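In what follows, a single structure is set out as C-alpha cells and then discussed.
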Amino acid sequence: MSLTVDRLRVYYQTLYGDVKALDGVTFGIKDGEIMGLAGESGCGKTTLSNALILMRPPMKYLEGKVYLDNEEIPVWDTDQMNPIRFAKISIVPQYAMNAMNPTRKIGKMIAELLEARRIRSTEVTAELKRRLDLVGLSHDVLKMYPIELSGGMKQRMVMVISTLLNPSLLIADEITSALDVSTQRAVAEMLVEFRDCKIVKSMIIVTHDISILYQIADSILVMYAGKLVEKAATEVIIHQPRHPYTRLLIASLPKVGIQHDQKQLVGIPGNPPLLLNPPVGCRFRERCPLAYEKCIEEPPFIEIEPNHYTACWKEIEGHASA
Amino acid sequence: MLALKEVSKTYRIGTFGGKELHAVRNVSFDVKPGEVVALIGESGSGKSTIGKMILRLIGTSAGSIQFQGEDIAAFDHARMKEYYRKIQGVFQDPFSSFNPIFKADRIFGIIRDEFYPRIGEKEWQEKVNVSLTAVGLNPEHVLNKYPHQLSGGQLQRFLIARALLLDINFLVADEIISMLDASTRIDVLNLLSDLKARGLAILFITHDLSLANYISERAIILYRGCIAEMGNIQTVFNHPLHPYTRLLMASVPRLDKKWEEPVSVVDGREATLDGCPFYGRCPVADKTLGCDRFQPPLAEVEPNHWVSCYHYPVGKINLR
C-alpha cells in the first residue's frame, strides 16, 4: 500500500459549531494506483486532499492516522509536515493558474523554492529540462514570467514544479476544470505519463467530472456529505455501481449521443444535508429511494467484493446472506 | 425569429486601447421559434459576447441583429423595454446574480415595478406562483428567503422563473448549468426541454458537448470568434468535418468510450487575421489552398450542414 488513511476525521471550526466535513474516512491506495476522488461540491473531497498536505485553521484535526509507504505521516502538525510536503506528498492546486509568483521569472522562482528546501538548483537543472521536454514546454519558459504563459502552459508548468522532487503521492485538485476540452485531454494524459515514468508513485485526482476519471483513473472513490460512499475499480464504478447514490449519480450524467427526447435523464431529488448538524445514520438516507429502518444506523464502509468497498446496509445485508 | 447578420465585435485592449481584439467575426445565423440552438466554443471563442450582443448589453461593432425583422440597435428606450418582454438572459453564476443583502424574491419585485406597475397584489402573487411552479419550485419553500438559504440549482431556477414572468419567447442561457452539481444539473436541463416544448426558443451557450447534445437541435461550433461548423446536432456530432470539431470530438471525455485515437495538435504556427482562424493549430492546413491567407467561407457541404474549411468545397464531401 502506498497510502493508507485510517479513520481520519477533520472538522472546520465555525462560530456556530463544527462543520463535519470529513467524518472518519478509511481507505488505501496501492503503489502505482491513480485514484479518482469524485463527489458534488461540499462533499469533503477538497478537505480530504488538503488534510493530507496542509491542515491549517479553521481546519481541526480530531483523530485518524495516515501512513505513506508504511511510515506514519503527522498530518496534524504543520511544522513536522514541512520536510514531507513537496518531497513526499505534493499537490497541484485547484487554481494552478494563480499558483506562481507573478513578480519572478519562473526559473528564479523554482530556484528559490529549491533553496528553501536546501537543494542547490544547479543539481536539478538537467532533470528540470528533461521534465519540460516531457510536458512539451520549451526551455525558454524558465526565463519568462507566468503572465506570458497560456492557461494550459501554466498548468503544465505547475505540474512540473510540483513533481520535481519525485513525490510518492501527488494530489491533483480539480486541475482540469478551468481548461478547454482539448487542453484538458493533454493535461489528463500527462498525469498518467508521470505515473508511467515513475516520477510519482501514486496519485489522487480530485474532480467533480466523472467522465475525466473514466478516461484516466484506475479506481474511483465516491464521497457524499463527508463520508465515503463507494470505492472500486473505474470500470466497476461506471458500469456496476452498488451504492444507490453512485447509481443515481452515474445515471444522471448525460452521455454524448443521448438526446432528451430519446431518453429523459433524471437528477437526484433533494439536496445534500448541511454538515453543521448532519443527520444520524446514513447521510444519503433522506434522498435515497431504497432507505429503510436500518438506515438510521450508520453503515460501515466494507469490502463486499474484492477491492469493491461500499457503505450501504442493503448491499451489506445482501452480501451477508449470499 | 432572431437573426444575426454578419455580426462582429472588436474590443479595444492594451494600456491605451491601442490593440484590437476581434472577439466575434462575421457571424451569421438565425434561431427559429421553439428551437434550441447550442453555441459551443472554448473560452475566448466569443460565445458569451454573442449572447450579450443579442441582449444588447453590449453593442455590435459591425453587422446587425434582427428580432422579428427589425434591427435591435435602432430600438429606443420604449421599444427596448418591449424587446426585453420577449427576450431574457440567464447567466453562469447564480450566486453573483443576486444581491446578497436582499431577499431572493426581490428580483420579482423589480420585474413588477418595471413591467407590471398596474397589476393587483393577488393577481401578481398568482403569477409568481405559476411561474415558480413551472420551473419545479415549491413557492412556499423558496419565497421570503435570502440567496444564501437557497441552493445553486434553486437560484438558477429562480432566475429562469423571473424570465418566464415576462412571457418571453427567447431565452439566452449562458453556461447556466456549469456551476451546478451533476445531480441537480440534469433537472435544469429537463426544465429547459419542457420550456422548449411550450414554444420557447433557447440559445444554449456552453463548452460541454454532451450537455449541448442532450437538449439542442442545432449546433454552432465557434473558434476564435468565427463559425467553424454549423448544422443539425446529430450530423455535427456523428460526422464532424472541420478539423477543429474533430479535435473537439476526440478530446471530449465520454463515459461510453475511452480516449484511444491519438489527437495531433500542431503548435507554434501563427494564425493571421486574414487566414483561417484555426490555421495555427490545424493538422491538415495547406498553404496551397490558401489556409494561411484567406478565411474560408462557410459553405453548405450537404443540406443543413455548413463548414468553414477549404478542404470541403460546396457540395463535395470526401473523407468520412
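Does region A:263-322 hold any residues that are in contact (Cβ under 8 Å) with a residue 24 or more places away in the chain, of a type in the set (Lys, Arg) and not in a helix (DSSP H, G or I), and which are they? Result: A:283, single match. Selection of region B:8-28 for residues being of a type in the set (A, V, I, L, M) and under 15 Å from the mean Cα position of the chain (by Cα) yields B:23, B:24, B:27. Considering region A:148-170, and only residues there that are among the small types (Gly, Ala, Ser) and out of contact with any Lys or Arg (no Cβ under 9 Å at 6 or more places or on another chain), the residue that is surrounded by the most Cβ atoms within 10 Å (Cβ to Cβ) turns out to be A:162. Within region B:132-139, one or more residues are over 23 Å from residue B:51 (Cβ atoms) and among the aliphatic types (A, V, I, L, M). Taken together, the criteria place residue B:166 among residues that are in a loop (DSSP other than H, G, I, E, B), more than 10 Å from chain A (Cβ to nearest Cβ) and at pLDDT below 90.
With a requirement of 3 or more residues that are among the aliphatic types (A, V, I, L, M) and crowded, with 17+ Cβ neighbours inside 10 Å, the helices (runs of 4 or more DSSP H) lying completely within region B:191-290 that satisfy it span B:209-215, B:243-251. The residue that is modelled with the highest pLDDT, among those in region B:109-142 that are within 29 Å of the chain's Cα centre (by Cα) and outside any helix (DSSP H, G or I), is B:116. The lone criterion from (1) touching a Lys or Arg at 6+ places or on another chain (Cβ under 7 Å); (2) touching a residue at least 24 places away in the same chain (Cβ under 8 Å); (3) surrounded by 17 or more Cβ atoms within 10 Å (Cβ to Cβ) left unmet by residue A:110 is number (1). For residue B:21, are the conditions met, namely being assigned to a strand (DSSP E or B) and in contact (Cβ under 8 Å) with a residue 40 or more places away in the chain? Against the criterion (assigned to a strand (DSSP E or B) and in contact (Cβ under 8 Å) with a residue 40 or more places away in the chain), residue B:21 does not qualify.
With the structure loaded, tell me whether residue B:81 is under 18 Å from residue B:174 (Cα atoms), of a type in the set (D, E, K, R) and outside any loop (DSSP other than H, G, I, E, B) or whether it fails that test. Considered against the rule, which asks whether it is under 18 Å from residue B:174 (Cα atoms), of a type in the set (D, E, K, R) and outside any loop (DSSP other than H, G, I, E, B), residue B:81 comes out as no.
Considering region B:203-224 alone, what residues qualify as being out of contact with any helix residue (DSSP H, G or I) (no Cβ under 8 Å at 6 or more places or on another chain) and facing chain A (nearest Cβ under 9 Å)? The one that is out of contact with any helix residue (DSSP H, G or I) (no Cβ under 8 Å at 6 or more places or on another chain) and facing chain A (nearest Cβ under 9 Å): B:208. Name the residue that is farthest from the other protein chains (Cβ to nearest Cβ), counting only residues in region B:175-187 that are surrounded by fewer than 23 Cβ atoms within 10 Å (Cβ to Cβ) and under 16 Å from the mean Cα position of the chain (by Cα). Taking the candidates together, the pick is B:175. Being touching a Gly at 6+ places or on another chain (Cβ under 7 Å) and part of a helix (DSSP H, G or I) is the requirement here; does residue B:157 meet it? When the stated conditions are applied, residue B:157 passes them.
The residue list A:103, A:78 contains one member that is of a type in the set (Val, Ile, Thr) and loosely packed, with under 12 Cβ neighbours inside 10 Å, which is A:103. The residue that is nearest to the other protein chains (Cβ to nearest Cβ), among those in region B:32-42 that are more than 11 Å from residue B:227 (Cβ to Cβ) and either out of contact with any Leu (no Cβ under 9 Å at 6 or more places or on another chain) or modelled with pLDDT of 90 or more (or both), is B:36. Looking across region A:145-178, the residues that are within 20 Å of residue B:42 (Cβ to Cβ), assigned to a loop (DSSP other than H, G, I, E, B) and either among the aliphatic types (A, V, I, L, M) or within 11 Å of another protein chain (Cβ to nearest Cβ) (or both) come down to A:149, A:150, A:175, A:176, A:177, A:178.
Here is the figure for region B:24-69: residues that are free of Cβ contacts under 8 Å to residues at least 60 places away in the same chain, crowded, with 18+ Cβ neighbours inside 10 Å and assigned to a loop (DSSP other than H, G, I, E, B) total 1. Taking the listed residues B:200, B:298, B:255, B:289, the one that is at the interface with chain A (Cβ under 9 Å from one of its Cβ atoms) and of a type in the set (A, V, I, L, M, F, W, C) is B:255, with no other qualifying. In region B:247-293, the qualifying residues are those that are farther than 30 Å from residue A:208 by Cβ and of a type in the set (Asp, Glu), and the one that is modelled with the lowest pLDDT is B:270.
Here is the figure for region A:9-48: residues that are without any contact (Cβ under 8 Å) to a residue 60 or more places away in the chain, touching a strand residue (DSSP E or B) at 6+ places or on another chain (Cβ under 9 Å) and farther than 15 Å from residue A:204 by Cβ total 5.
The values are calculated or read from the model by the stated rules, or taken from the named source; none is laboratory data. Owing to the predicted nature of the structure, the values given are computational and were not obtained by experimental measurement. Glycine also receives a Cβ, built like all others from the backbone with ideal geometry; neighbour counts cover every protein chain displayed.
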